[in-house]
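Worksheet: one structure, shown below.
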Amino acid sequence: MPLWKVYHPENAFTDDDKTAIAQHITALYTSVLPPFYVGVIFEAVPKHAFYIGGKQTDTFVRLSVDHIAKQLKDEEKKQQFLAVVARILAPYVADRGLRWEIHIDETPFDLWTIQGLRPPVPGTPESEKWRKEDKPSAY
C-alpha cells in the first residue's frame, strides 16, 4: 500500500488533473505491486485554513505518502524515486507556480492487512497472483 494524501489549494486541480496525477502515481508501483494497493486522496484546503510560516497561503501543495508494501532501502533508489515524483508533479504543481513538499513514511509490512488478509511478500508467486488479478485473495 502506498497511500498518497495530497493537500492542495481549492481549485488547484481539475477532476481531469486529479485522474492524471492518480494514474501517474499508480504507474510508479504497478510493475511490482497490484494497482489496487495504490490510493490517492485529494484534500482541498481553503486559504483561510492553510498556513505556512504563520501566514495564509493558497499556493502550497503538501504530499504525505505512506509506504507499507515496499520500502525504499537504498539511498540511490530513494533519490531516483523522488526525482521521478518531481517530474510527475511538475506539470501540475511547479509549472503552475505552486510550491510543494513531500514526505514518505514507511510502516512495517507486518502491521498491515487488506480485507483481513496479510498481503503476500512482493516478488512471491502469491503477490504476483494479487497483482495480475488486481484484488486480494486467500493463499
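The values are calculated or read from the model by the stated rules, or taken from the named source; none is laboratory data. All values reported here derive from a predicted model rather than from experimental measurement. In this analysis, Cβ positions are derived from the backbone assuming ideal geometry, glycine residues included, and neighbour counts consider all displayed protein chains.
For this structure, a couple of remarks:
- Output for the range 102-127, where each listed residue is out of contact with any Asp or Glu (no Cβ under 7 Å at 6 or more places or on another chain), closer than 17 Å to V40 by Cβ and exposed (fewer than 13 other Cβ atoms within 10 Å of the Cβ): H103
- Number of positions in the range 85-101 that are in contact (Cβ under 8 Å) with a residue 24 or more places away in the chain and either surrounded by 12 or more Cβ atoms within 10 Å (Cβ to Cβ) or on the phi > 0 side of the Ramachandran plot (or both): 10
- Filter pass, K135 being surrounded by fewer than 16 Cβ atoms within 10 Å (Cβ to Cβ), touching a residue at least 24 places away in the same chain (Cβ under 8 Å) and over 18 Å from the mean Cα position of the chain (by Cα): yes
- Evaluation of R87 against (1) assigned to a loop (DSSP other than H, G, I, E, B); (2) more than 17 Å from T30 (Cα to Cα) (one fails), failing number: (1)
- Of everything in the range 46-86 that is touching a Lys or Arg at 6+ places or on another chain (Cβ under 9 Å) and hydrophobic (A, V, I, L, M, F, W, C), the residue that is modelled with the lowest pLDDT is L72.
- Members of the range 12-56 found to be over 14 Å from P2 (Cα atoms), assigned to a loop (DSSP other than H, G, I, E, B) and touching a residue at least 60 places away in the same chain (Cβ under 8 Å), listed by number: A12, F13
- Here is the figure for the range 57-73: residues that are part of a loop (DSSP other than H, G, I, E, B) and charged (D, E, K, R) total 3.
- Positions within the range 1-50 being within 14 Å of the chain's Cα centre (by Cα), farther than 16 Å from V84 by Cα and among the β-branched types (V, I, T), in sequence order: V6, T19, V38, V40, I41
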